[in-house]
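The values are calculated or read from the model by the stated rules, or taken from the named source; none is laboratory data. Because the structure is a prediction, the values reported are computed rather than measured. Reconstructed Cβ throughout: ideal geometry from the backbone, glycine too, with neighbour counts over all protein chains shown.
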Amino acid sequence: KQLKLAGEGSKLYLVYFYFAFTGLLWSYIVILFLFGATESNATDGLFVERLSWSGAHGRVLIVSDISGCIKELQHLIKSSSYRPEKDSLIFIGDMVGEGPASAQVVQFAMDHDAECIRGPVEDKIVSWYLTEDENTLTNAPEREIAKNLKDDQLQYLLACSLDVELQEHNTRIIHSGLNPQGDLHNQREELLLKLGQESGKITNRVTSWFDDWNGPELIVFGGGQHTNVQQKHSNNQLTALGLATGVAQGQTLSALALPDTQILQVPSKANYSGQKHPEELMGE
């Protein structure tokens, strides 16, 4: 009788151990699913990549806030003596925008194998692409741009990174802002995407992080509408450079060439702000 009771106790112990182990296993799976085991991050539920790029070859041309201005982009690339077989291209968002040819700009980036940094407009379009929720697109021009992009062009925007690190040039490329006191490898997505204070509020001036950043890494960024490139030097070294110079507002399109730190600019051909464009131009 005692042996029988002992056997039943062993069975109960095994059953208890089985359920305890199973519970721990499922808890681990849920935690892994929620928090992930990757260095990538998500913004608004989207998968985004932080790219450390050590494969850049030749010169690196960084162009910011093209805003759908294809003619100005073509002029800039031609003027820069860009060599497709030797040089690398990086486009900072917003690549699409008020200019007359957003789809053509995205196609140009794809055809030239350009790396891209996602800006707020691309982020909205990608959100719409994944969810089909038109509420993510806040105005009619954004909806027009999104609906005229081809599937492979939308896939290209989906693959854009939040920031790119150029190790050999000690340079990091972002769209808008960062926390100077924080870890550069673990920045909040809303800071990288939206120009302004840590709240993400959009401003039309040099942001506080720009004034506080003292290097040693060079931060190249876009966002905003400035008449000139924004430059910050610390200890006789360039530590921050803003390239958004309002091409869609009739000003200039700007780029940075590395490693010689040369600033390149071409004038805008028109003030496209608020203009309506033919649908066939948006979709080409």
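So the values come out like this:
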quantity: The lone exception for Thr227 - which of (1) under 22 Å from the mean Cα position of the chain (by Cα); (2) assigned to a loop (DSSP other than H, G, I, E, B); (3) within 26 Å of Ile70 (Cα to Cα) it fails; calculated: (1)
quantity: Selection within segment 233-245 - buried (at least 20 other Cβ atoms within 10 Å of the Cβ) and either assigned to a loop (DSSP other than H, G, I, E, B) or in contact with a Phe, Trp or Tyr (Cβ under 7 Å, 6 or more places away or on another chain) (or both); calculated: Ala240, Gly242, Leu243, Ala244, Thr245
quantity: Qualifying positions in segment 71-88 - among the acidic types (Asp, Glu) and closer than 22 Å to Pro100 by Cβ; calculated: Glu72
quantity: Matching residues in segment 135-152 - criterion: being among the β-branched types (Val, Ile, Thr), modelled with pLDDT under 85 and buried (at least 18 other Cβ atoms within 10 Å of the Cβ); calculated: Thr136
quantity: Leading residue by the ranking (farthest from Tyr272 (Cα to Cα)) among those in segment 72-101 that are of a type in the set (Gly, Ala, Ser) and in contact (Cβ under 8 Å) with a residue 24 or more places away in the chain; calculated: Ser88
quantity: Helices (runs of 4 or more DSSP H) contained entirely in segment 52-168, each with at least 2 residues that are of a type in the set (Val, Ile, Thr); calculated: 70-79, 102-111, 120-131
